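Colleague: Here's a structure for you.
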Amino acid sequence: MTFDPLWTIVEERFQRDHQNHAETIFTIGNGYLGTRGALEEGLPGDRRTTFLHGVFDDIPVSFTELANAPDWLELYILLDGERFSLAAGEVLDYTRQLDLRSGLLTRKLIWKSPQGRTTRLEFNRFASLADPHAVVLRASVTPMDYAGLVEFRAGLNGETDNENFKHWQWLNQTTASDRLTLNSRTRASQVELAQAARLTILAPADVQRESWDVHNHPTLVGRTQLQAGQSATAEKLVIFYTSRDNREPLTAANTHLDQLPAPAWDALWEPNRSAWDKEWQTCDVIIEGDDEAQIAVRFSLFQLLVAAPRKDEHVSIGAKTLSGFGYRGHAFWDTEVFMLPFFTYTQPEIARNLLSYRFHNLEGARKKARGNGFNGAQFPWESAATGEEVTPSWVPHFADRSKMVRIWTGDIEIHISAMIPFALCQYWAATGDDAFMIDRGAEIFIETARFWSSRAEWNKQAGRYEFRDVIGPDEYHEHVDNNAFTNAFARWTLQSAIRLLDWVEKKDSAAYAALKSRLDLKPAELRQWSQVAELIYFPYDKETGLIEQFEGYFARRDIDLAALEPRTESMQVILGIEGANLAQILKQPDVVMLAYMLPALFDERSLRANYDYYTARTDHTYGSSLGPSIQAIMSCKLGLQEDAYEHFMRAARADLRDVRGNAGDGIHGASAGGIWQALAFGFGGLTVTTDGWTVKPHLPKHWKRLVFRFTWRGKSYVIDLPEKGPFRLEEA
Ligand code: BGC
């Protein structure tokens, strides 16, 4: 089988005990929906999911989750009466491949049935990027040593659930000889989903057809006689529409199906292929001299691209994209801080959609602020359809699921309310999209500045404003006071809001007047922000250059992490939740993260001092997957390329090698986004400001070349960094 190894994820052996991990890796999608790489014919223990952006439904405890749609993948195959299944028989030959260049997933195998019949099978599927309502799969079957009847059963299975919780109510269904529809609605959120499917069979002999009108599981059947060596191919085409995107989803699905020829593969394939070509032209990264890094990067970018909403500004990308049950589809700061820069610098329209999601959901954030007794907008730590807080307060303990653990992040991990303004500024600097800042950005700034100003507590004795009882980025430490990252970003948001409003007033006085009156903004309020900002406590030790992560951090138990190597578990598992809280061990960069995001706060000496201090105390391998890419960037900034490479490869392997053992829950989207940042801002040394950009490369020794692309102010650039010599810059 020919394939380009630098564009292909390959599974060479069927490994049943890794099936959930493989399902995540082989996720396909198109920014409208995502389908895990479960097998068409099913396998006990599989997690067969298709998630559609924005299709959430209520659940107990965790409030809401993406509802796993009725299964479109299902295709049962009977080979002369024996049902094809990898749970039985013998797999004689096997490969599965995901072509990252086109989004095509292929499985080829030779299977010997329990009764000894040998069959060659090939499966292909893709979710069209050009026609996001269409998904299609194809299965070809060739009996090798027998003649017999081959039967395909293609159903739309409405009896799906989210790990035992059922979201869909049946509304209606239709069956005809070659097509069927299933119309369902989520129980509480009342989102309607229409699916229309068609089964086309290409075979040398006659095809006998049936349709089974099974309640909530309509099925199309085709049977044909094959001689040894002859092949039959079944194509299952499924169209999806929801009431989120169409007033009459069922009519839309039927009409769309009618417009596609039978078979539809070729008609869908070329547009899909060229849509993917266009995508990669905006963002492909080339690494020469390191094939593992090369494929991992393309894989990460692919996973971001299949999850990116291109036509919808009311959805975000969840921490686990659309690729698994993990975090229930909720969006965190992962989107704005880790994934968004990739879009901001390669496809700013997508970044704009994602930022607009936060704008449209300001009401949820206002509600949260009000509920907590604060002003303005307090963005939820976990966000779903409405922007209200949806972090569960209790979850089962990781070691003993019969015990519950209180989760505080939704209550006190407040830095997200600065991360969204920060991402807005980054988008603005890169695109120069003034209109967006005036129309949407300014309101987000005003409302978050209001939150920060009201959340600050005045410490009369010390004469400073403080933020008490918070969780910073490093979640091993809960209920801390004056987390440096949080305090610095509170100040940054307040000061940036004042500067932005000053700019809006000068740029568009009518818009400024409208904003002021709509949001009832008074000069006294701006003065208050400025006063709070000026007096926010920031724990900087002039003598050592160290910034204490939070008050009292340096007094906590110091543990020599290096002495505990090699480890196979996170420090939180080793020390327990309370033990980690009382130690100086970090789950992920915190002060170092601050140095990455607000470099002006650090001079060379303090950058080095903080990097050294905190790097030695961070749980790089088993802590948060958000950490390694940031750590890699900061190592590059200090000229420590080899350390940078080690951190980078931790991020690159996070999902492909299932480092934390939880890749089956879905892709670590933040790690995928961080990988792009590590390449562009770390190894590539790209720095972008409102005035322009510069590149100062720091390639690992064995890399021969790094090429990456980005757009700045509407122009696209290709940065081509050979191992030695000056870099080449091309305007694309
Ligand atoms: C990390 C957070 C992150 C969340 C979702 C947690 O384990 O500590 O920073 O936002 O996962 O990915």
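The values are calculated or read from the model by the stated rules, or taken from the named source; none is laboratory data. Note that the structure is a prediction, hence the values are computed from the model and not measured. Note that each Cβ is placed from the backbone with ideal geometry, even for glycine, and that neighbours are counted across all protein chains shown. In case anyone asks, the SASA skips ligands and DNA or RNA and just uses the protein heavy atoms, side chains included. Shrake-Rupley method; radii C 1.70, N 1.55, O 1.52, S 1.80 Å.
Colleague: Which ones in the range 470-483 are more than 16 Å from the ligand (Cβ to nearest atom) and open to solvent by less than 30 Å² (accessible area, probe 1.4 Å)?
Modeller: ASN482
Colleague: Which one of these does LEU501 not meet: (1) surrounded by fewer than 23 Cβ atoms within 10 Å (Cβ to Cβ); (2) part of a helix (DSSP H, G or I); (3) within 16 Å of the ligand (Cβ to nearest atom)?
Modeller: Tallying (1) surrounded by fewer than 23 Cβ atoms within 10 Å (Cβ to Cβ); (2) part of a helix (DSSP H, G or I); (3) within 16 Å of the ligand (Cβ to nearest atom), LEU501 fails exactly one: (3).
Colleague: Let me ask another. Would you point out which residue out of TRP381, TRP394 is among the aromatic types (Phe, Trp, Tyr) and under 16 Å from the mean Cα position of the chain (by Cα)?
Modeller: After applying the criteria, what remains is TRP381.
Colleague: Please specify each residue of the range 312-326 satisfying the condition of being within 13 Å of the ligand (Cβ to nearest atom) and touching an Asp or Glu at 6+ places or on another chain (Cβ under 7 Å).
Modeller: Across the range 312-326, the qualifying residues are ALA319, LYS320, GLY324, GLY326.
Condition check ((1) buried (at least 24 other Cβ atoms within 10 Å of the Cβ); (2) away from the ligand (no atom under 16 Å from the Cβ); (3) aliphatic (A, V, I, L, M)) across all residues:
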position	(1), (2), (3)
GLY639	no, yes, no
ALA644	yes, yes, yes
VAL659	no, no, yes
SER671	yes, no, no
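Colleague: In addition: So GLY34 passes all but one of these: (1) open to solvent by less than 10 Å² (accessible area, probe 1.4 Å); (2) in a loop (DSSP other than H, G, I, E, B). Which condition number does it fail?
Modeller: With (1) open to solvent by less than 10 Å² (accessible area, probe 1.4 Å); (2) in a loop (DSSP other than H, G, I, E, B) applied to GLY34, the lone miss is (2).
Colleague: I would also like to ask the following. Any residue in the range 127-142 that is closer than 24 Å to ALA232 by Cα and among the charged types (D, E, K, R) sitting within a Cβ distance under 8 Å of a residue that is buried (at least 24 other Cβ atoms within 10 Å of the Cβ) and at pLDDT 95 or above? List the pairs, counting only those 6 or more apart or interchain.
Modeller: Taking only residues 6 or more apart or on different chains, the pairs are ARG138/ALA234; ARG138/LYS236.
Colleague: On to the next question. Among the residues of the range 346-365, how many are open to solvent by 20 Å² or more (accessible area, probe 1.4 Å) and in contact with a helix residue (DSSP H, G or I) (Cβ under 7 Å, 6 or more places away or on another chain)?
Modeller: Counting residues in the range 346-365 that are open to solvent by 20 Å² or more (accessible area, probe 1.4 Å) and in contact with a helix residue (DSSP H, G or I) (Cβ under 7 Å, 6 or more places away or on another chain) gives 3.
Colleague: Could you check the range 407-466 and list, in sequence order, the residues that are basic (Lys, Arg) and either in contact (Cβ under 8 Å) with a residue 40 or more places away in the chain or under 16 Å from THR493 (Cα atoms) (or both)?
Modeller: Once the filter is applied, which keeps residues that are basic (Lys, Arg) and either in contact (Cβ under 8 Å) with a residue 40 or more places away in the chain or under 16 Å from THR493 (Cα atoms) (or both), the range 407-466 yields ARG440, ARG450, ARG455, ARG464.
Colleague: So the check is Cβ under 6 Å with 6+ separation or different chains; which pairs have a first residue in the range 616-629 that's over 18 Å from SER300 (Cβ atoms) and a second one that's of a type in the set (A, V, I, L, M) and within 11 Å of the ligand (Cβ to nearest atom)?
Modeller: The qualifying pairs are ARG617/LEU586; THR618/LEU586.
Colleague: Could you grab me the full set of residues in the range 541-571 that are outside any helix (DSSP H, G or I) and either among the small types (Gly, Ala, Ser) or on the phi > 0 side of the Ramachandran plot (or both)?
Modeller: GLY545, GLY552, SER570, listed by residue number.
Colleague: Tell me which residues, restricted to the range 252-302, are of a type in the set (D, E, K, R) and outside any helix (DSSP H, G or I).
Modeller: Within the range 252-302, ASP284, GLU288, ASP290 qualify.
Colleague: Right, next: Is it the case that the range 328-346 has a residue that's closer than 20 Å to GLU382 by Cα and in a loop (DSSP other than H, G, I, E, B)?
Modeller: yes
Colleague: Answer yes if at least one residue in the range 417-439 is buried (at least 23 other Cβ atoms within 10 Å of the Cβ) and over 30 Å from LYS715 (Cβ atoms), and no otherwise.
Modeller: yes
Colleague: Considering the range 347-363 alone, what residues qualify as being of a type outside the set (A, V, I, L, M, F, W, C) and out of contact with any Leu (no Cβ under 9 Å at 6 or more places or on another chain)?
Modeller: PRO348, GLU349, ARG352, ASN353, SER356, TYR357, HIS360, ASN361, GLU363
Colleague: I need the full set of residues from the range 599-615 which are more than 25 Å from PHE398 (Cβ to Cβ) and either within 14 Å of the ligand (Cβ to nearest atom) or open to solvent by less than 40 Å² (accessible area, probe 1.4 Å) (or both), in order please.
Modeller: Answer for the range 599-615, where residues must be more than 25 Å from PHE398 (Cβ to Cβ) and either within 14 Å of the ligand (Cβ to nearest atom) or open to solvent by less than 40 Å² (accessible area, probe 1.4 Å) (or both): PHE602, SER606, LEU607, ALA609, ASN610, TYR611, THR615.
Colleague: Scan the range 572-598 residue by residue and report those that are of a type in the set (A, V, I, L, M, F, W, C), away from the ligand (no atom under 13 Å from the Cβ), in contact with a helix residue (DSSP H, G or I) (Cβ under 8 Å, 6 or more places away or on another chain) and assigned to a helix (DSSP H, G or I).
Modeller: ILE574, VAL591, VAL592, LEU594, ALA595, MET597
Colleague: If you don't mind, there's one more thing I want to ask. Any idea which of (1) assigned to a loop (DSSP other than H, G, I, E, B); (2) in contact (Cβ under 8 Å) with a residue 60 or more places away in the chain; (3) more than 30 Å from ILE287 (Cβ to Cβ) is the one ASP46 doesn't satisfy?
Modeller: (2)
So that you can scan it fast, the table gives a plain yes or no per residue for (1) surrounded by fewer than 18 Cβ atoms within 10 Å (Cβ to Cβ); (2) of a type in the set (A, V, I, L, M, F, W, C); (3) within 20 Å of LEU73 (Cα to Cα); (4) free of Cβ contacts under 8 Å to residues at least 40 places away in the same chain:
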residue	(1), (2), (3), (4)
ALA205	yes, yes, no, yes
ARG209	yes, no, yes, yes
GLN225	yes, no, no, no
LYS236	no, no, yes, no
ALA262	yes, yes, yes, no
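Colleague: Something else: Any chance you could count how many residues in the range 673-723 are open to solvent by 10 Å² or more (accessible area, probe 1.4 Å) and assigned to a helix (DSSP H, G or I)?
Modeller: Selection size over the range 673-723: 1.
Colleague: Further question on the same structure: May I ask you to list the residues in the range 74-104 that are open to solvent by less than 10 Å² (accessible area, probe 1.4 Å), within 15 Å of GLU23 (Cα to Cα) and part of a strand (DSSP E or B)?
Modeller: LEU98
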